Amino acid sequence: MNRIVRRPPAGTVQATAPLQSDLGRLAYLLPVFLIVFGVAFQLFTPAHLNGSPFFMSAPLMAAPLFTRGKTIAVGAVALAAAAALQVVEEVAWGRFDRQSTTRQLTTIAFAAVLAVLLNAIVRRGRQQLASAREVAEAAQRAVLPRPPGHVAGLQVAARYEAARHDALIGGDLYGARATPHGVRLIIGDVRGKGITAIETVAVVLGAFREASEHEKTLPDVAQRLEEALARDQADRGGADAVEDFVTCVLVEIPAHRGVVRVVNCGHPEPLLLDGQGGITTLTPHEFRLPLGLSRLAPAPHRTDTWDFPRGGTLLLYTDGLSEARDASGTFYDPTARLADRTFPSPTRLLGTLADDVQEFSGGPTDDDMALLAAHRPHACAGPGALTGPHPTATRPPA
């Protein structure tokens, strides 16, 4: 049954903070270091040398890192340090050149003013980027709303974790709906990012909402998604549109039966947690090509079926989870990390998983990550609840 029972996460590599994080922290100390080094350089080098280059660099280095007030403070400290050194040299060694001193202090003051202007430009750019992110996130929330906490007797939770790179909008998607045919779920990952990706997300989710309600079988739903994506590609045209594709998993959990049906279109396999520490990897009979690429190898969609016991939780995820790496380059293995663990709710499961992958990778990952979990409670009540027997289900052959 391709099951891993209570296997502890032995051998997994714990994360260490990436080198980039350490360098980022050291960068904030660099302006102070430049001033200190400038003072030492001027005191312990011949008279014709001074620390002006270091004093000038300090506020310019602070401009993109600090607030305006701190940038002004660094500039003032650098200017004061240069002036104090002139007094020390005059008193201790009798060295004082008015023309040279005036030129040095004027140059440092000019660098400090330039740093303040640079800081204003940087802050304005960050504000514009923050506004753009807010708009992008609002658009993404409108296209990708969070599913309700309960869907026809199942407890459902979803989570979206954005990547650390500069793409404002990702292409991961998920959905959960109660239909006449049972609860139907989808999770997917669109090729690419940005506005084009979110347009494809809207097309796929729109088709899923319609097809999941009216189509009797999951293969029929998948075919409707294929057709919707093909129409969208034809409408947009161009080489990029032709190359668009979506990996996805479609799931159906029929009422009154303890089974889960899956159609996998080139997507990472879901995991089924039995509630006692055991995990089943839902590997299909065969992996189909992603949506949008079926023209390359036409074949009917096939449904695989597994038992879905009470107390079990179905976990769907995108490759932002399974392709996360630690500092040594080791991939995150959700099966090994979750083995022999239980969770009181799907929300707790997703929260623990998101925290664990961030700790493993030493920070946000390089790819967006979507998580969707559906839990079948031990006792269900109320209309639409999942009740009745759950016969043994079919499974892929070994």
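The values are calculated or read from the model by the stated rules, or taken from the named source; none is laboratory data. Remember, predicted model here, so these are calculated numbers, not experimental data. Cβ: placed from backbone, ideal geometry, glycine included. Neighbour counts: every protein chain shown.
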Worksheet, complete the sentence: Expected output for the range 83-104 (first residue on the phi < 0 side of the Ramachandran plot and surrounded by 12 or more Cβ atoms within 10 Å (Cβ to Cβ), partner β-branched (Val, Ile, Thr) and at pLDDT 80 or above, Cβ below 8 Å, 6+ apart or cross-chain) is 85/39
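Yes or no, residue by residue, for (1) in a helix (DSSP H, G or I); (2) in contact with a helix residue (DSSP H, G or I) (Cβ under 6 Å, 6 or more places away or on another chain); (3) at pLDDT 80 or above:
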| residue | (1), (2), (3) |
| --- | --- |
| 47 | no, no, no |
| 66 | no, no, yes |
| 69 | yes, no, yes |
| 81 | yes, yes, yes |
| 96 | no, yes, no |
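Rundown of residues vs (1) within 21 Å of residue 173 (Cα to Cα); (2) in contact with a Gly (Cβ under 9 Å, 6 or more places away or on another chain); (3) of a type in the set (Lys, Arg), yes/no style:
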position: 325; (1), (2), (3): no, no, yes
position: 341; (1), (2), (3): no, yes, yes
position: 344; (1), (2), (3): no, no, no
position: 358; (1), (2), (3): yes, no, no
Worksheet, complete the sentence: Restricted to the range 345-398 and to residues being within 27 Å of the chain's Cα centre (by Cα), part of a loop (DSSP other than H, G, I, E, B) and of a type in the set (Ser, Thr, Tyr), the residue modelled with the lowest pLDDT is 365
Discussion item. Please verify whether residue 321 is in a strand (DSSP E or B) and in contact with a strand residue (DSSP E or B) (Cβ under 9 Å, 6 or more places away or on another chain), treating the condition exactly as stated.
Written reply: no
Discussion item. So, residue 282, is that one farther than 27 Å from residue 352 by Cβ, in the same structural domain as residue 366 (by TED's automatic domain parsing) and in contact with an Asp or Glu (Cβ under 6 Å, 6 or more places away or on another chain) or not?
Written reply: no
Discussion item. Against the definition (among the small types (Gly, Ala, Ser), farther than 24 Å from residue 122 by Cβ and either in the same structural domain as residue 113 (by TED's automatic domain parsing) or not in a loop (DSSP other than H, G, I, E, B) (or both)), how does residue 76 come out, yes or no?
Written reply: no
Worksheet item: Looking at residue 303, is it within 21 Å of residue 369 (Cα to Cα) and over 23 Å from the mean Cα position of the chain (by Cα)?
Response: no
Worksheet entry | In the range 280-300, the residues that are among the hydrophobic types (A, V, I, L, M, F, W, C) and under 26 Å from the mean Cα position of the chain (by Cα) | 282, 287, 289, 291, 293
